[in-house]
Amino acid sequence: MESLNSILFFYEMKFPGRLPPLLLTVGLLTVYGLTLAPGLTWAHRGADGGDLIAAAATGGVPHPTGYPTYLLLARLFQFLPVGTLAFRTNLLSALAAALAAALVYGLVKRASQNTLAAVLSGLAFGLSPLLWSQAVITEVYALHAFFVALILYLSLREPGPDPALGLSFGLAMGNHVTSIFLLPLVFAAPNRSSLLRRLAWTGAGLLTYLALPLRALTNPPVNWGNPVTLKNFLWLATGQLYRDELLALTRSALAARLQSAAALLRDQFGLAGLALSLLGLIFYFRRSRLHRNTIWIAAVFFVFATVYSTDDSYLYLLPLVLSFSVWLGLGVDGLMDALTSPRKEPLPPRDKKMAWMFGLLALTYLLALAASHFPRMDASHDARAEQFGEMVMAQMPADTIVFAKGDEAVFALWYFHYAMKERPDLAVIAEDLLAFDWYRQTLKETYPSLDVGGPYPFPEAVAAKNPDRPACFVEYLERTWIRCDP
């Protein structure tokens, strides 16, 4: 213990002020490590993980919008010499989430000069169920949270770091297109030359999108949209497949969404945490860019998540949770400041111990809240996807055409068949994608001996055109369903 104290003392003397965010980051990484999925997982709506992992590993292109920044980073993590391919990709989410929380710490520390309030703010975000759930699986949302926090942090620096801000925005757009909502933060430049520099560096960050057509040219087995033409590229990068989901809610469904958002916020922080956040927003409101920018982020992402009608649209509330975490830290700072401010003369100043007792009480509250969330966040024992893939790979007869239906089944089989290279004798076909010409072309490139037919082949028609191969139909609906025809 004495040696540890000596190391911490030396670090604090050598790098003053950096020990709290370091401990925050390491602590969150430890929590994420304990709850991280060890392989492919469907926990926390992580069905897309199989698609993302397989695309990154095979040089392919995942579902719209392509996520080129995520793809490139995920591929780097896949070279780590630890665990399974899926585990290595999951690590990217854990690191991104921990760094996002550290940036939230930095935002509050800079605004308040209160280390304890900043730590509480970072913990509130890092241990919020929404971010935590995305930190332990393969998905793009933890990295999205990191870029939102980074751009918010950089936008408040004086003078603004034009290259870093522009590049971060371009890379953020390459990870998730809803980063476009951060445009007012990035291009609120003090002068024209600064604006031009930010635009130029944004363009540099957007060059990651070149990875999509370059990957598609190699004819990978996962090749959504085959974006080698401008038409196909725009279909993929703009998410045209999902445009019908915008503004498609009825009035009653919209009201239900609002109630769900309120319940989600209460789940993140509890009633006491929400009270502190509102205190930081309202009663300690400062006409600063931090408040203006966090209000903008909260409002625009809340509106988008509300009107976007997909089942997982609640994940777009992550920037809203980030803003509430910042306000929570400011609320703690405001209350601590009130507890240490002097009374009217001639009474003596209040004891600072009251403020620290309140801060430690808030810390205990957040840790207790996190402990209550731990069992629900723990993805370390979720083996459904692994068991499904292993079962299908083991039970399929030789040379079978496997028709998979649903994201869970399709993406899990892509992971095992394409990324892990299991059962090369099989032909895995996603039933729901057969209507797309780019997918039929991908099948022809991946399985040259397979007769796909067309122009709009049904699975039964494909099976009939290949009478020498068995056909099996696979789906996952709370359990594995397999039906094989001779």
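The values are calculated or read from the model by the stated rules, or taken from the named source; none is laboratory data. On a predicted model such as this, the values are computed, not experimentally measured, just so you know. In this analysis, Cβ positions are derived from the backbone assuming ideal geometry, glycine residues included, and neighbour counts consider all displayed protein chains. Remember, those area values only see protein heavy atoms, side chains included, never the ligands or the DNA or RNA. Shrake-Rupley method; radii C 1.70, N 1.55, O 1.52, S 1.80 Å.
Please return the longest stretch of the chain lacking exposed loop sites, where chymotrypsin sites (Phe, Trp or Tyr not before Pro) count only if DSSP places them in a loop and at most 14 other Cβ atoms lie within 10 Å. Intermediate results must be reported in sequence, preceding the final value.
On the way: sites that count: PHE79, PHE285.
Answer from the scan: 80-284.
May I ask you to compute the full-extension gain from THR340 to ARG292, defined as 0.36 nm times their residue separation minus their alpha-carbon distance, rounded to one decimal in nm? Before the final figure, lay out the partial values.
Working: separation 48, 0.36 × 48 = 17.28 nm, distance 2.73 nm.
Additional length available on full extension: 14.6 nm.
What is the dipole size for segment 128-273, taken about its Cα centre, with +1 at each Lys and Arg Cβ and -1 at each Asp and Glu Cβ, in debye to the nearest 20?
260 debye
Please give the per residue accessible area of segment 61-178, computed with a probe of 1.4 Å over protein heavy atoms only, in Å².
Normalised by residue count, the accessible surface of segment 61-178 is 24 Å².
Sort VAL228, VAL177 by accessible area with a 1.4 Å probe, largest first.
VAL228, VAL177
Relative contact order for the chain using alpha-carbon pairs under 8 Å, separation at least 6, rounded to a whole percent? Provide the component values of the computation, followed by the final result.
Numbers: 788 pairs, mean separation 89.9, N = 486.
For the chain, the relative contact order is 18 percent.
Report the rotationally averaged projected area of segment 112-218 based on its alpha-carbon convex hull, in square nanometres. Intermediate results must be reported in sequence, preceding the final value.
Details: hull surface 33.8 nm².
Over all viewing directions, segment 112-218 projects a mean Cα-hull area of 8.4 nm².
Can you find, among LEU330, LEU171, THR138, the residue farthest towards the positive end of the dipole of the chain? Put +1 on the C-beta of Lys and Arg, -1 on that of Asp and Glu.
In the chain, that residue is LEU330.
With the crude spin-label approximation of a point 7 Å out along Cα→Cβ, what separation in nm comes out for GLN395 versus LEU217?
Here the answer is 4.3 nm between the modelled labels.
When ligands, DNA and RNA are left out and all protein chains stay put, how many square angstrom of accessible area per residue does segment 254-318 have with a 1.4 Å probe?
Heavy-atom SASA per residue in segment 254-318 reads 48 Å².
Could you tell me how far the Cα centroid of segment 440-486 sits from the Cα centroid of segment 142-191, in Å?
Centre-to-centre distance over Cα atoms comes out at 45 Å.
Report the full-extension gain for the segment SER449 to PHE187: residue separation times 0.36 nm, less the Cα-Cα distance, to one decimal in nm.
89.1 nm
Kindly report, to the nearest 10 Å², the accessible surface of ASP48 as traced by a 1.4 Å probe over protein heavy atoms only.
Estimated to the nearest 10 Å², ASP48 gives 30 Å².
Which of the trypsin sites (Lys or Arg not before Pro) found in segment 355-435 are loop residues per DSSP with 15 or fewer other Cβ atoms within 10 Å of their Cβ?
Of the trypsin sites (Lys or Arg not before Pro), the ones in loops of segment 355-435 whose Cβ has at most 15 other Cβ atoms within 10 Å are LYS421.
Can you list which of the trypsin sites (Lys or Arg not before Pro) found in segment 431-473 are DSSP loop residues with at most 12 other C-beta atoms within 10 Å?
none
Express the accessible area of segment 377-486 per residue in Å², computed with a 1.4 Å probe while the remaining protein chains stay in the model.
Computed with neighbouring chains in place, this is 49 Å² per residue.
Contour minus end-to-end for LEU72 and SER372, with contour as 0.36 nm per residue of separation and end-to-end as the Cα-Cα distance? Working shown, then result.
Working: separation 300, 0.36 × 300 = 108.00 nm, distance 3.53 nm.
The LEU72-SER372 span can extend by a further 104.5 nm.
Using a Förster distance of 22 Å, how high is the FRET efficiency between PHE283 and LEU361, based on the Cβ-Cβ distance and rounded to 0.05?
0.70
So how many Lys-Lys pairs in the chain land under 29 Å Cα to Cα, not counting same-chain pairs under 8 apart?
Taking the Cα cut-off of 29 Å, the pair count is 16.
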